[in-house]
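Bear in mind these aren't lab numbers, they're just calculated from the coordinates by the rules spelled out. Small disclaimer: the values here were computed from a predicted structure and weren't measured. Glycine also receives a Cβ, built like all others from the backbone with ideal geometry; neighbour counts cover every protein chain displayed.
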Amino acid sequence: MENKDRRNFLEGTLNNRELGGYKSIDGRTIKFKHILRADCITQNDIDFLIKNYNPKLDIDLRLNDDIISNKVDRPLLVCKFVYNPIPSMYQIL
């Protein structure tokens, strides 16, 4: 996958990224189709992810206010869901 193809390949998202191909801290390379970050996915995006990524875990890092303000986003119901809110640097400052 080319670097230009890593971003915004889902229709409903403003900011999604394939993280495969990047080097980890210990020098190993992350496998493609293993880690993806995304926001505001649509049903078409969910269908694409199920067909092409076979998701095993959906981790939501948003705070409650972010979830309430974004009614479009939906969890992937085909895999385990984990809610683990992490404030952004803008919320910390």
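Phi angles across segment 18-31 convert, under the Karplus curve 6.51 cos²θ - 1.76 cosθ + 1.60 with θ = phi - 60°, into 3J(HN,Hα) values of 7, 9, x, x, 7, 7, 8, 4, 8, x, 6, 9, 5, 6 Hz, Gly and Pro given as x.
Gain on full extension, evaluated as 0.36 nm per residue between residue 69 and residue 19 minus their Cα-Cα distance, stands at 15.4 nm.
Each of the peptides 56-64, 20-28, 79-87 was scored by the mean count of other Cβ atoms within 10 Å over its residues; in descending order, highest first, they stand as 56-64, 79-87, 20-28. Computed from backbone phi, the HN-Hα couplings of segment 32-47 come to 5, 6, 10, 9, 9, 10, 7, 10, 6, 6, 9, 5, 4, 5, 4, 4 Hz, rounded to whole numbers (Karplus: 6.51 cos²θ - 1.76 cosθ + 1.60, θ = phi - 60°; Gly and Pro given as x).
Here the 3J(HN,Hα) profile of segment 9-16, calculated from phi with Karplus coefficients 6.51, -1.76 and 1.60 at θ = phi - 60°, is 9, 9, 6, x, 9, 8, 8, 10 Hz, Gly and Pro shown as x.
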